[in-house]
Amino acid sequence: MAEWNEIFNEEKYIKKIPESIIMNFIEFLERKFSERPLKILDFLCGGGRHTIAAAQRGHSVFGFDKSENGIQFTKSQLKELGLMAEFSIGDMTELPEKPAFFHGGFSWDALHHNTIKNIKITVEKIKHNIKPGGYFLCNLLSTKSDSRGNGNEIEPETFIKEDGLEAGVMHHYFDEEEILDLFNDWEIIYLNEQINRYVKRTYEGFNTNPFPYTKWMILAMVPGSTSPHKEF
Ligand SMILES: C[S@@+](CC[C@H](N)C(=O)[O-])C[C@H]1O[C@@H](n2cnc3c(N)ncnc32)[C@H](O)[C@@H]1O
């Protein structure tokens with residue numbers, strides 16, 4: 001196997017159930033902002049489980065990913081449901097410019113798939129596209145993850161896996177200092193590291209483990225405020 005587009009050739013590898021944290025984040029945005037529909041960025045949307053979930057709540061979603069197969073799958077699911085969303089295909093560093101457009105964005109299990117230089121460029125572009133006072137939620141692999149070290153290290157803490165389902169896929173692992181540096185010009189609302197220790201692990205086709213690796217979760221706000229915030 002190599003690269004996500006090929007992985008998504010097999011539908012069994014496309015996750016369809018949204019993460020509860022993303023649903024909670026969408027609800028958080030709904031409480032924060034009174035405009036409707038909310039403009040939401042699903043960054044590196046994959047097979048679109050969160051794009052679909054946000055569209056089902058009536059929001060205007062922009063999904064971005066480099067996998068045509070993932071986006072095609074999402075479009076077909078949306079069509080079946082009578083829903084719509086906007087999409088663009090490209091490398092994460094090529095997010096189209098939509099200055100201060102989104103109320104919020106999220107990127108789940110994906111933003112670490114690049115070199116640190118490219119991830120920095122990417123986060124800067126995401127920030128540019130989110131309104132001042134808008135929010136971004138993501139998770140990132142931690143240097144404490146037991147998957148760290150698998151594959152060929154092409155720069156400090158960036159590995160290209162050489163075997164398994166993700167052979168050919170790049171993974172960067174973050175320590176706290178690097179996360180703080182990455183979100184240096186955001187206001188960090190929430191930063192936590194979920195430490196995961198395996199006592200026993202056999203997959204047997206069960207890939208719905210909510211915490212497969214030690215990861216960071218970051219909720220950050222673009223400093224400033226242009227939208228009327230609702231009271232909690
Ligand atoms: C594990 S999947 C997660 C998909 C989705 N966020 C979800 O939660 O279901 C990782 C996604 O990142 C995308 N991806 C990885 N590297 C990328 C890159 N450099 N540019 C654009 N998309 C990338 C893949 O195509 C894939 O859809």
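Taken together, the values in this text are just the output of simple stated rules run on the coordinates, not laboratory data. A quick note: this is a predicted structure, and the numbers were derived from the prediction, not measured. Here the Cβ positions follow ideal geometry from the backbone for every residue, glycine too, while neighbour counts run over all protein chains shown.
In this structure, N192 does not qualify as exposed (fewer than 12 other Cβ atoms within 10 Å of the Cβ), under 18 Å from K120 (Cα atoms) and more than 16 Å from the ligand (Cβ to nearest atom).
Figure legend. Inter-residue proximity from the stretch 157-172: first residues without any contact (Cβ under 8 Å) to a residue 24 or more places away in the chain and of a type outside the set (S, T, Y), second residues part of a loop (DSSP other than H, G, I, E, B) and within 12 Å of the ligand (Cβ to nearest atom), beta-carbon distance below 8 Å, spacing 6+ or different chains. Indicated pairs: I160/G168; I160/V169; K161/G168; K161/V169. The condition of being among the polar types (S, T, N, Q) and in a loop (DSSP other than H, G, I, E, B) does not hold for N118.
Across the stretch 23-39, the number of residues qualifying as touching a strand residue (DSSP E or B) at 6+ places or on another chain (Cβ under 9 Å), within 13 Å of the ligand (Cβ to nearest atom) and closer than 21 Å to E80 by Cβ comes to 0.
Residues are listed down the side, and each one gets a yes or a no for (1) within 14 Å of the chain's Cα centre (by Cα); (2) buried (at least 16 other Cβ atoms within 10 Å of the Cβ); (3) away from the ligand (no atom under 15 Å from the Cβ); (4) acidic (D, E):
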| position | (1), (2), (3), (4) |
| --- | --- |
| A55 | no, yes, no, no |
| F62 | yes, yes, no, no |
| E68 | no, no, no, yes |
| M84 | no, no, yes, no |
| D91 | yes, no, no, yes |
| F106 | yes, yes, no, no |
| D109 | yes, yes, no, yes |
| K117 | no, no, no, no |
